[in-house]
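Read through the structure below, which is laid out as structure tokens, and then see the notes.
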Amino acid sequence: MTEASTASLWGGLDDVLRQIDVLRQTTGSAPQLVELLPEQAPIYADRSSGEADRIRGYVLASFEEAGLPSEAEPYLREELETGVRPYTLAAAAKAARGGCDPIPLWLTPLLVDAIERIKFADDFVSFDRNGASVGSTTAVAEIVRTIAWLGPRAQGARERLSTMLRREGCCLSSAVYAEIEKTIAAITLFPPDFGSCCSPGEPVASEAPAARLVLPDIAAIKVQDQDGTILACGEFLHGSASVVTFFYTRCMNPNKCSLTITKLGRLQQLVRQAELHLRVKIAAFTYDPAFDLPRRLKAYGIDRGMIFDERNRLLRTTADFAEVRACFDLGVGYGSSTVNRHRLELIILDADGCIRSHFAQVNWSEHDVLKALIGSL
Amino acid sequence: MDVREYRKRFEAELDGAVRELDGPSTTAQGHAFAAGQSPRHARVVARLSSGQGDAGADVGALLDVIRNRTADPSSRREALRALQSASFLGPSFAPHQADYFSALREIANSEEPDYELREQALEILSLSQDPTARDILLAGLHDPKAALVAPVKALQFLANDDHASAAPIVRAMVDQDIDEATKAGALRLLASDPVSEPIFSRLLEDRSQSCQLRAQSATGLRLLNPDKFEQIAKQIVSDDTEDPDLRAIVLSALTHTLPRERVGSDSKFTDTVQKVASTAPLQELRSSAHGFMRAVRSK
């Protein structure tokens, strides 16, 4: 069965939301809701980005009632860290309210970051399928509400929220300022170090799964680089440790693909400074090979500081991307013309083509990647 | 008229207009006035820009005007222009952004009596990739009875969002009996849809299509498959029986599409263009051919 026909089993948007409502009302349904979060899940296939966001937001918001399982946390974190849509960010904030102690350390700063990110594009949101509560709350208000819900555990937000209050009249609505005032008051009831006792350590930025040999699965796949050169994946990736990441030039989220390629350019510089450039290969595959033709890849990379040579390339598969997607189990979904949503992914392969590190759903830093890369040499 | 003279005259007119307003003139007032707003609304934009006065009340009043379906249509349109100008002010407009979007969605509705206002609201929303606007526009393309704006406008607005998944319905429209402007709008939207490449190849080669649609198809094909475009464009340019306007257009596009190192690498085609440059009856075609030859020589 094709992905699209599997999606059609879910029906139109309203049918999907109705089915999620049923799950919401079922005790112990949180694991089933988590299964609806991966971007490649059939529920998102062949839908527009707007529909995919609506479904995803609806699922995320369900965790407020269903309880937030730890398996959902990476999705929540990625949304708060990179999301730009008021609806999905508000949904992530609601999902956080389904969590229980210990609250992860990253939650509070990412909530405040999210306010800063969308304050110029705030919008009303409703998580009622029939839109009954439209106009009652905005995305920023939902996020502030979650910080208030954290109470003393949001000590880290006090200073930044106070700074926002001092800028009253600028950026946020009077209703949101009132919420922030109440939130600060709630946090201030407790001593500044109150929250620190109940926080676990930072989650590791990258998972390091058991080495999995992937190169044979993709070795024969033909790829074309930014200069039009066609070669086999195996030809390029075999024999050196490699950094492989994914992007597409039409991505609308500046915190995802554009930033990924910009950081890849910075990673190139770090690799060179560490004198590893002859021992490492760096590549980024486009999720959208039919549109991202060589000249588009080249311009996109150059504009973001990438320097191309035989060891550093942007790649497109000359045929379908499905095999690469399946091999790396990539979190990417497609609408009728292009990607409808994707997660952040960066993979480090060793010289034999085994996965040594997988940075998934985190806004990786080039310094962390370099460290992991050195570990794989 | 010389452009500097034109600019000077425009600035003088603008200065005069702004001086007529109450209070000191500001750049924001000038811009708002230039955008066709009344002095009153220009002052609102200026107050928002400077952070003086009760900006919240000003925006609230403007939102009330655009929401009021019984108000004078020209006042409502003017209020919308003022709000749209103010929405570019960033921090000072941000507190009102959610209310603004909400008001626009109220206007982008079948019950809205002012067609122009409804169309403007849909345009502004679609520029923000608003899902409500996208659904309304797609519904109108599916079912003309549900259309809130003309299909050519719906296509123009949907083209703002590559991720709207509008391509399947628009692909189907291309072969329907629709007017030329709508078909051109459909082709513009499909220029970012790789699946539509065969449509562009077919229309570009189809002599029964108008020159405008074939030129539009050339643009789409050039974006989606430059190699295929090159192949068909060379055939068209080399064919004396082809439409000379189209030959001029595709030759010019080819000159700007070919990588520098490949311009002139096809000696047979270069000879053909050389001949076209000296013998073609249409001046535009000769001009395009000369442009190509200049590119060959400057390699």
If we keep only residues of the range B:63-114 that are aromatic (Phe, Trp, Tyr) and facing another protein chain (nearest Cβ under 9 Å), then the residue nearest to A:Tyr87 (Cα to Cα) is B:Phe101
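State all residues of the range A:240-266 that are among the charged types (D, E, K, R) and farther than 21 Å from A:Pro289 by Cβ; if no residue qualifies, say none. Break it down stepwise before answering.
To start, the set of residues in the range A:240-266 that are among the charged types (D, E, K, R) comprises A:250, A:256, A:263, A:266.
Answer for the range A:240-266, where residues must be among the charged types (D, E, K, R) and farther than 21 Å from A:Pro289 by Cβ: A:Lys263, A:Arg266.
Could you tell me which of the residues B:Ala277, B:Ala215, B:Ala295, B:Ala253 is in contact (Cβ under 8 Å) with a residue 24 or more places away in the chain, over 29 Å from the mean Cα position of the chain (by Cα) and assigned to a helix (DSSP H, G or I)? I'd like the intermediate steps shown before the answer.
Numbers: B:Ala277 fails: in contact (Cβ under 8 Å) with a residue 24 or more places away in the chain; B:Ala215 fails: over 29 Å from the mean Cα position of the chain (by Cα); B:Ala253 fails: over 29 Å from the mean Cα position of the chain (by Cα).
Within the list B:Ala277, B:Ala215, B:Ala295, B:Ala253, the selection yields B:Ala295.
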In the range B:50-91, which residue that is surrounded by 14 or more Cβ atoms within 10 Å (Cβ to Cβ) and outside any helix (DSSP H, G or I) is nearest to the chain's Cα centre (by Cα)? B:Arg69
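Sort through B:Asp266, B:Asp271, B:Asp245 and tell me the only one that's free of Cβ contacts under 8 Å to residues at least 12 places away in the same chain and either more than 33 Å from the chain's Cα centre (by Cα) or surrounded by 13 or more Cβ atoms within 10 Å (Cβ to Cβ) (or both).
Details: B:Asp266 fails: free of Cβ contacts under 8 Å to residues at least 12 places away in the same chain; B:Asp245 fails: free of Cβ contacts under 8 Å to residues at least 12 places away in the same chain.
After applying the criteria, what remains is B:Asp271.
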When the residues of the range B:131-174 are filtered to those that are crowded, with 24+ Cβ neighbours inside 10 Å and more than 25 Å from B:Phe200 (Cα to Cα), which remaining residue is farthest from the other protein chains (Cβ to nearest Cβ)? B:Ile136
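Give the residue that is nearest to A:Leu267 (Cα to Cα), with candidates limited to residues of the range A:305-350 that are of a type in the set (Lys, Arg) and surrounded by fewer than 21 Cβ atoms within 10 Å (Cβ to Cβ). Even if it seems obvious, please write down each step before you answer.
The initial filter retains those residues of the range A:305-350 that are of a type in the set (Lys, Arg), namely A:311, A:313, A:316, A:325, A:341, A:343.
Checking the rest, the ones that are also surrounded by fewer than 21 Cβ atoms within 10 Å (Cβ to Cβ) come to A:311, A:325.
Values: A:Arg311: 13, A:Arg325: 24 Å.
In this case the residue turns out to be A:Arg311.
Within the range A:43-63, count every residue that is touching a residue at least 24 places away in the same chain (Cβ under 8 Å) and within 13 Å of another protein chain (Cβ to nearest Cβ). Walk me through how you get there before you give the answer.
Let us first name the residues in the range A:43-63 that are touching a residue at least 24 places away in the same chain (Cβ under 8 Å), namely A:43-49, A:51-63.
With within 13 Å of another protein chain (Cβ to nearest Cβ) added as a condition, the list becomes A:44-49, A:51-58.
The number of residues fulfilling the criteria is 14.
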Does any residue in the range A:113-131 that is within 10 Å of chain B (Cβ to nearest Cβ) come within less than 7 Å, Cβ to Cβ, of a residue that is among the aliphatic types (A, V, I, L, M) and not in a helix (DSSP H, G or I) six or more places away or on a different chain, and which pairs are these? A:Ile118/A:Val84; A:Lys119/A:Leu172; A:Phe124/A:Val134
Quick check, is A:Ser357 outside any helix (DSSP H, G or I), under 24 Å from A:Glu39 (Cα atoms), of a type in the set (Ser, Thr, Tyr) and within 14 Å of chain B (Cβ to nearest Cβ)? no
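Kindly indicate whether A:Val280 is of a type in the set (A, V, I, L, M, F, W, C), at pLDDT below 95 and surrounded by 21 or more Cβ atoms within 10 Å (Cβ to Cβ).
no
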Restricting the range A:235-259 to residues that are of a type in the set (Val, Ile, Thr) and closer than 15 Å to A:His342 by Cβ, which is farthest from the other protein chains (Cβ to nearest Cβ)? A:Val244
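Select from the range A:150-189 the residues that are free of Cβ contacts under 8 Å to residues at least 12 places away in the same chain, aliphatic (A, V, I, L, M) and within 14 Å of another protein chain (Cβ to nearest Cβ) and list them in ascending order. Outline the logic, then answer.
Filtering the range A:150-189 down to residues free of Cβ contacts under 8 Å to residues at least 12 places away in the same chain leaves A:159, A:163, A:166-170, A:174, A:178, A:185.
From the residues that got through so far, the ones that are aliphatic (A, V, I, L, M) too are A:178, A:185.
Selection gives A:Ala178 alone.
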State all residues of the range A:228-251 that are touching a His at 6+ places or on another chain (Cβ under 8 Å) and either assigned to a strand (DSSP E or B) or at pLDDT below 95 (or both); if no residue qualifies, say none. A:Phe246
Residue hits (the range A:362-376; surrounded by fewer than 21 Cβ atoms within 10 Å (Cβ to Cβ) and either of a type in the set (Asp, Glu) or under 11 Å from the mean Cα position of the chain (by Cα) (or both)) are A:Asn363, A:Glu366, A:Asp368
Can you tell me which residue within the range B:189-212, out of those that are within 14 Å of chain A (Cβ to nearest Cβ) and of a type in the set (D, E, K, R), is farthest from the chain's Cα centre (by Cα)? B:Glu197
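The values are calculated or read from the model by the stated rules, or taken from the named source; none is laboratory data. Quick caveat, the model's predicted, so the values are computed rather than measured. A quick note on method: Cβ atoms are made from the backbone with ideal geometry, for glycine too, and the neighbour counts reach across all protein chains shown.
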